[in-house]
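The values are calculated or read from the model by the stated rules, or taken from the named source; none is laboratory data. Since this is a predicted model, take the numbers as computed values, not measurements. Cβ coordinates were reconstructed from backbone atoms using ideal geometry, including for glycine residues, and neighbour counts include every protein chain displayed. These accessible areas exclude ligands, DNA and RNA; they are computed on the full protein's heavy atoms, side chains included. Shrake-Rupley method; radii C 1.70, N 1.55, O 1.52, S 1.80 Å.
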Amino acid sequence: IRRGMFSAQPGQAVVELMVALSVVMLLLVGLMDFAPALVNAGQLSQAVREGVDYGHMNPSDTAGINARVRNAAPTLALPDASIVVTCNKKTSNALQACASSKVGDTVTVQATFAYTPKFGIFIALVGQSITLTRSATSLIY
């Protein structure tokens with residue numbers, strides 16, 4: 001009995017299964033590798049919001065703002081160099097020292113974290129690390 005032009009060859013199902021499983025495994029490994037990056041990005045966002053929440057009432061206390069950011073994301077172990085606090089004048093939007101900020105000016109807190117993928121297969125695609133940067137701005141009052 002002839003089955004037609006596209007009849008299955010012996011072992012074809014096994015080959016198709018292996019191809020499909022390799023694609024599924026690649027997707028799962030990617031999910032396991034990049035899901036923590038999304039979690040870290042969320043922690044970083046929350047940390048800068050916490051810092052700016054403190055900074056809008058105490059703009060001259062940059063050490064306190066940095067401490068708030070670090071305490072809000074302890075698993076990221078952010079060094080002071082990765083946290084930048086800037087203040088802008090209300091009238092000209094020019095940068096100024098936060099110690100001379102007044103009511104109505106703005107304070108901005110920005111933090112940067114380098115996430116390193118866990119699996120070597122993706123390091124070739126994204127490099128040694130993915131730089132996550134988040135910032136938040138608030139009026140000083």
Sort out which residues of the range 80-96 are open to solvent by 60 Å² or more (accessible area, probe 1.4 Å) and either touching a residue at least 24 places away in the same chain (Cβ under 8 Å) or assigned to a loop (DSSP other than H, G, I, E, B) (or both), and write them in order of number. V84, K89, K90, T91, S92, N93
Of everything in the range 28-52, what is open to solvent by 80 Å² or more (accessible area, probe 1.4 Å) and modelled with pLDDT under 95? Give them in sequence order. L28, L31, M32, L38, V39
Within the range 102-141, restricting to residues that are within 23 Å of L31 (Cβ to Cβ) and of a type in the set (A, V, I, L, M), the one that is modelled with the lowest pLDDT is V126
Scan the range 60-92 residue by residue and report those that are hydroxyl-bearing (S, T, Y) and modelled with pLDDT under 90. T91, S92
Could you grab me the full set of residues in the range 102-115 that are touching a helix residue (DSSP H, G or I) at 6+ places or on another chain (Cβ under 8 Å) and either more than 13 Å from N58 (Cα to Cα) or open to solvent by 30 Å² or more (accessible area, probe 1.4 Å) (or both)? Q110, A111, T112, F113, Y115
Output yes when any residue across the range 66-79 is free of Cβ contacts under 8 Å to residues at least 12 places away in the same chain, aliphatic (A, V, I, L, M), closer than 29 Å to V29 by Cα and in a loop (DSSP other than H, G, I, E, B), and no when none is. yes
Can you confirm whether A99 is open to solvent by 30 Å² or more (accessible area, probe 1.4 Å), touching a residue at least 24 places away in the same chain (Cβ under 8 Å), in a helix (DSSP H, G or I) and over 28 Å from L28 (Cβ atoms)? yes
Options D53, D33: the member that is more than 14 Å from T137 (Cα to Cα), part of a helix (DSSP H, G or I) and acidic (D, E): D33
Residues (of a type in the set (S, T, N, Q) and on the phi > 0 side of the Ramachandran plot) located in the range 51-107: N93
Out of everything in the range 102-120 that is more than 14 Å from the chain's Cα centre (by Cα) and in contact (Cβ under 8 Å) with a residue 60 or more places away in the chain, what residue ends up being nearest to I130 (Cα to Cα)? K118
